[in-house]
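A quick write-up on the structure given underneath.
Bear in mind these aren't lab numbers, they're just calculated from the coordinates by the rules spelled out. Treat the numbers as computed from the prediction; the structure is a model and nothing was measured.
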Amino acid sequence: MVPRLDMVPIKITAVLRSRKIFLESGHSRLPVYEDTIDHVTGVIHARDILQRWQIMIVNLFWANFIRPAFFIPESKRLDGLLKRCKRNLFNLR
């Protein structure tokens with residue numbers, strides 16, 4: 001998890017520019033938002049973008065690469081969170 005101040009979000013309409021943002025930021029995942037940063041709609045992974053860049057440019061199927069975002073309530077206990085992550089194969093890095 002990354003603190004909000006250190007987050008490098010990308011607007012859903014700018015996903016085609018994400019390759020440059022990944023290379024500049026050094027992050028492996030970027031949150032994708034719609035209207036404001038408070039409306040995160042998903043996450044895009046560098047591996048998905050960098051491996052399939054030519055396909056995205058030609059076919060414009062970039063929306064298929066946006067994965068669901070994983071939100072954690074502050075009240076969530078750590079043992080329950082770890083079980084959920086393991087069950088859903090989420091990476092906490």
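Descriptive notes on the structure:
- In sequence order, calculated HN-Hα J values of the stretch 30-43 (Karplus, 6.51, -1.76, 1.60; Hz; x Gly/Pro): 10, x, 9, 10, 9, 7, 10, 4, 6, 10, 6, 9, x, 9
- For THR41, distant residues with modelled amide H under 5 Å away: VAL32, TYR33, GLU34
- The alpha-carbon of LYS11 sits under 18 angstrom from the alpha-carbons of these lysines, leaving out residues fewer than 8 places away in its chain: LYS20.
- What the phi angles of the stretch 66-76 give under the Karplus curve with 6.51, -1.76 and 1.60, with θ = phi - 60°, is a coupling list of 7, 9, x, 7, 10, 9, 10, x, 4, 7, 5 Hz, glycine and proline written as x.
- Amide hydrogen proximity for ARG29: with H placed 1.01 Å from N in the peptide plane, the residues at 5 or more positions away or on another chain lying under 5 Å are ALA46.
- Extension gain (nm, one decimal) between SER75 and SER28, 0.36 nm per residue minus Cα-Cα: 14.2 nm
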